[in-house]
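Novice: Before anything else, here's the structure in question.
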Amino acid sequence: MLVLEDGTRYEGRAYGARGRTLGEAVFATGMTGYQETLTDPSYAGQIVLMTAPHIGNTGMNDEDMESARIWVAGFVVRDPSRVVSNFRSQRSLDDDLAAAGVVGISGIDTRAVTRHIRSLGAMRAGVFSGEEAHLSPGEQLDLVQSGEQMTGRNLSGAVSTGERYTLPATGERVGSVAVLDLGVKTSTLNYLAERGFDVHVLPQTVTVDDVLALEPDALFFSNGPGDPSASERHVELLRSALRAGLPYFGICFGNQLLGRALGFDTYKLPFGHRGINQPVLDRATGRVEITAHNHGFAVAAPTDAVSESSQGFGRVEVSHVDLNDDVVEGLNCLDIPAFSVQYHPESAAGPHDANYLFDRFRDMVIANRTTDDSQEAGK
């Protein structure tokens, strides 16, 4: 049984592990890439419903993992594949869900659930199977309504690495980047290394002194789950790093934290953007990119004019907007070397329209170093 916090109930078949799970019910619109979705740390605490009806066709493998484990709190599908058919497959999706203890449900009208969430917004939910399915409707609803809200929730500690580690540059070396792991994806680290960075991945507990002690050429904040308003310590770390002159690139949660560091507010979207088919306008080029998204919060910045940072970081422009709802999808600082995007340019499952942003970051770091060297020579 899938139970939403407003009392709506959907009966289906047990899928994956049996038992009980609680989380925020959200929907993802990608027709492929379910393994990347399941292993994306940004989905921690969420029961993910796939709008595509057939899931599990290509099985699971070790190569496409975006982290070391499955992170979703629960999984909802309409028609799980009974047969796995792909030369790269090593296991079935059902087996991996069961092994990871992920409680799921199948055989329900996922289109009806999606329409319900679109109308009323993402909400707390629970999946109950096995013995838990025999709880009374009232008991199940009480459990759902006692679950944690996503608003005000900090999940960085649950998904971040416990120890720092380094990936050496695989492309022509241009320098080093300190990556604050707030739920970083493997493909992000690989793309940074390919652009010539030694990638120092840091736990979310580090201080700005820890970051500066590495003498990195740049700072990167990753994607991750939770409410950006509950991560004020990371906002202060970023402000200190920007004042120290470090070039900065942020993705998803990193975009929201840059917004807050610059003095903007953030807010919760009704049902968020999750999928690999979101149209985003790059306002500098006029190009429309089809992009991958996974965010329930957004930055409240004016899209019609250049703004002045209330925190003293100069002029800021909204660089990208979502063409579905005009949500801010990118920020660009005009007076300091810093920019960010709300979507996922690393999207391992595709599309790859925005992968050039890693090149833009590399070019910004090189340009900043050249400027610093010129200023030093002129002294």
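The values are calculated or read from the model by the stated rules, or taken from the named source; none is laboratory data. The model shown is predicted, which means the values in this text are computed figures rather than measured ones. So basically every Cβ, Gly included, is an ideal-geometry build from the backbone, and we count neighbours across all protein chains shown. Ligands, DNA and RNA are stripped out before the accessible areas are found, and what is left, the full protein with its side chains, is counted by its heavy atoms. Shrake-Rupley method; radii C 1.70, N 1.55, O 1.52, S 1.80 Å.
Novice: Quick one: length gained pulling ALA68 to ARG173 fully straight, 0.36 nm per residue minus the C-alpha distance?
Specialist: Working: separation 105, 0.36 × 105 = 37.80 nm, distance 2.70 nm.
Result: 35.1 nm gained on full extension.
Novice: Where the only charges are on Cβ atoms (+1 Lys, Arg; -1 Asp, Glu), what is the dipole of region 2-146 about its Cα centre, to the nearest 20 debye? Could the numbers behind the result be given before it?
Specialist: On the way: 13 positive and 19 negative charges, 71 e Å.
That gives a dipole near 340 debye.
Novice: Here's something else I'd like to know. What would the Debye formula give as log10 I(q)/I(0) at q = 0.10, 0.14 Å⁻¹ for the alpha-carbon point model of the chain, no solvent?
Specialist: Ignoring solvent entirely, the Cα scatterers give -0.63, -1.17.
Novice: Something else: Taking R0 as 41 Å, what's the FRET efficiency between ASP209 and ALA99 from their Cβ-Cβ distance, rounded to 0.05?
Specialist: Rounded to the nearest 0.05, the efficiency is 0.50.
Novice: Based on the alpha carbons, how large is the Rg to Rh ratio for region 156-378 when Rh follows Kirkwood?
Specialist: Rounded to two decimals, Rg over Rh is 0.93.
Novice: Could you check how much of the accessible area of the chain is carbon and sulfur, as a whole percent, using a 1.4 Å probe?
Specialist: Exposed carbon and sulfur together represent 47 percent of the surface.
Novice: Quick one: check the C-alpha center-to-center distance for region 176-233 versus region 250-319, whole angstrom.
Specialist: Spelled out, the Cα-based centre of one part sits 19 Å from the other.
Novice: Counting only C-alpha contacts under 8 Å and six or more residues apart, can you give the relative contact order of the chain as a whole percent?
Specialist: Numbers: 915 pairs, mean separation 55.2, N = 379.
Contact order relative to length: 15 percent.
Novice: Another question about this same structure. Sorted by accessible area with a 1.4 angstrom probe, largest first, how do HIS116, HIS134 fall?
Specialist: Largest accessible area first, the list is HIS134, HIS116.
Novice: Angle between the Cα long axis of helix 253-262 and the longest principal axis of the chain, 0 to 90 degrees, nearest 10?
Specialist: Roughly 50 degrees, rounded to the nearest 10.
Novice: Sort out for me the Cα centre separation of region 31-82 from region 142-162, rounded to whole Å.
Specialist: Using only Cα atoms to place each centre, the spacing works out to 19 Å.
Novice: Another question, if that's okay. Only bridges whose two residues both fall in region 156-378 count here: according to DSSP, what percent of them are antiparallel, nearest 5?
Specialist: Rounded to the nearest five, the antiparallel share is 65 percent.
Novice: For the chain, take the longest principal axis of its alpha carbons; what is the angle in degrees between that and the long axis of helix 110-120, to the nearest 10 within 0 to 90?
Specialist: 60 degrees
Novice: Over the chain, with the other protein chains present, what is the accessible area per residue in square angstrom, probe 1.4 angstrom? Show your work: numbers first, answer last.
Specialist: Working: 15400 Å² over 379 residues.
With the other protein chains kept in place, the chain gives 41 Å² per residue.
Novice: Using a Förster radius of 30 Å, what is the FRET efficiency between SER240 and ASP109 based on their Cβ-Cβ separation? Nearest 0.05, please.
Specialist: The calculated FRET efficiency here is 0.05.
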